[in-house]
1. Only residues that are basic (Lys, Arg) and free of Cβ contacts under 8 Å to residues at least 40 places away in the same chain: list them for region 144-182, please.
2. Looking at VAL144, is it assigned to a helix (DSSP H, G or I) and modelled with pLDDT of 95 or more?
3. Hey, which of the helices (runs of 4 or more DSSP H) in region 1-101, taking only ones fully inside, have at least 3 residues that are modelled with pLDDT of 95 or more and out of contact with any Pro (no Cβ under 7 Å at 6 or more places or on another chain)?
4. Checking the conditions here, which among LYS125, LYS120, LYS132 is surrounded by 13 or more Cβ atoms within 10 Å (Cβ to Cβ) and closer than 23 Å to LEU26 by Cβ?
5. Out of everything in region 39-53 that is β-branched (Val, Ile, Thr) and touching a residue at least 60 places away in the same chain (Cβ under 8 Å), what residue ends up being nearest to SER100 (Cα to Cα)?
6. Scan region 253-273 residue by residue and report those that are surrounded by 15 or more Cβ atoms within 10 Å (Cβ to Cβ) and either assigned to a strand (DSSP E or B) or free of Cβ contacts under 8 Å to residues at least 60 places away in the same chain (or both).
7. Under 9 Å between Cβ atoms, at least 6 apart or on separate chains: pull out the pairs that start in region 16-38 with a residue that is within 18 Å of GLN184 (Cα to Cα) and end on any residue that is of a type in the set (Asp, Glu) and outside any helix (DSSP H, G or I).
8. Go through region 25-39 residue by residue and tally those that are more than 15 Å from THR289 (Cα to Cα) and of a type in the set (A, V, I, L, M).
Amino acid sequence: MNPNLKKNELILESLTQKDIPALIRLTKSVGWDYDREELSTIFSTGKVYGHRSQLGELVSAAAIILYDNDSLASIGMVLVSQEYRGAGLGKEVTKICMDSVSSETPIMLVATNAGEPVYKKMGFKTISHVYKISCDRYIPSNKVQEIQVEITPFCETDFSGVVKLDEKATGVNRQEFLFHRIKQAKKSLVVKDECGVIIGFGLSIQATKNLLLGPLVTPNDEIAALLMYKLVNNYMGKLRIDLASEHENFMELLEKQGFDDVTKRPLMVINPDKFPQRNGTLYGIAGQTFG
């Protein structure tokens, strides 16, 4: 059947955590890597919309994550069931996400290369790129153990320092998101200088297909490499990091450590003139949904 005819049967609505099982089925149907914990974090920090058939089947979805009283938003998890593609559902569900925040709010998303012209027509502009980098076998470097910093497991007293560091890295206060993301994390580590001041932090998130490293905030490449080494800690499965484009040189080190699958994705923004200033310490983003 023509997907445009089926479209007339659909209802576009706001989703709730009760829809998590349906979202898991939908993401699996297109080969994406979302589980209950990831979706719970999305619902805790943003809004999710989707098209539903008259029989209650979820056939599309998109999420918008809100930061710092809507001073920045991030759209992700835009997907449409294979059966309904070609009817403009992806554009519709993205638009309702955009309409859920102020027209003055900068909105970012990480697009596919095929999706870039579609989002461009919706008003998004490409401002940089994100590198989705993964490996099946991590090869640690002995040099990373020579740096004289203290890396310890995160504790509650570190939270305010992590929030402040993340705010300088991303340009917005992401306190609520970080609270939920740290709870979700397989491992959360902080980097402290000789005075005990937090100068970096990193999280590892266990997904169904890989271990995601991010957010990863550090002052330089050497500490970023050491933090990654500590986060991995003999993990034998597939690893992934979504690297901010300003750290392209860091990819050379990652390639030596076994990261050989690299995909370049456009980072696109609505209201780019209002996009918050970042200080260059954000190495690994929290994921393509969260930015």
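The values are calculated or read from the model by the stated rules, or taken from the named source; none is laboratory data. Just so it is clear, the structure is predicted and the values come from calculations on it, not from any experiment. Neighbour counts run over all protein chains shown; Cβ positions are idealised from the backbone, glycine included.
1. So the first thing to find is which residues in region 144-182 are basic (Lys, Arg), and the list is 164, 168, 174, 181.
Across region 144-182, the qualifying residue is only LYS164.
2. Working: assigned to a helix (DSSP H, G or I): yes; modelled with pLDDT of 95 or more: no.
No, not satisfied.
3. Details: elements: 3-7, 20-29, 36-45, 89-99.
Correct list: 20-29, 36-45, 89-99.
4. Numbers: LYS125 fails: closer than 23 Å to LEU26 by Cβ; LYS120 fails: closer than 23 Å to LEU26 by Cβ.
The conditions single out LYS132.
5. If we filter region 39-53 for residues that are β-branched (Val, Ile, Thr), which is where we start, we get 41-42, 45, 48.
In the following step, the residues that additionally are touching a residue at least 60 places away in the same chain (Cβ under 8 Å) were identified as 41-42, 45.
Numbers: THR41: 19, ILE42: 15, THR45: 14 Å.
Once the filter is applied, the top-ranked residue is THR45.
6. Of everything in region 253-273, those that are surrounded by 15 or more Cβ atoms within 10 Å (Cβ to Cβ) and either assigned to a strand (DSSP E or B) or free of Cβ contacts under 8 Å to residues at least 60 places away in the same chain (or both) turn out to be ARG265, PRO266, LEU267, MET268, VAL269, ILE270.
7. Pairs that qualify, where the first residue is within 18 Å of GLN184 (Cα to Cα) and the partner is of a type in the set (Asp, Glu) and outside any helix (DSSP H, G or I), are ILE24/ASP35.
8. Counting residues in region 25-39 that are more than 15 Å from THR289 (Cα to Cα) and of a type in the set (A, V, I, L, M) gives 2.
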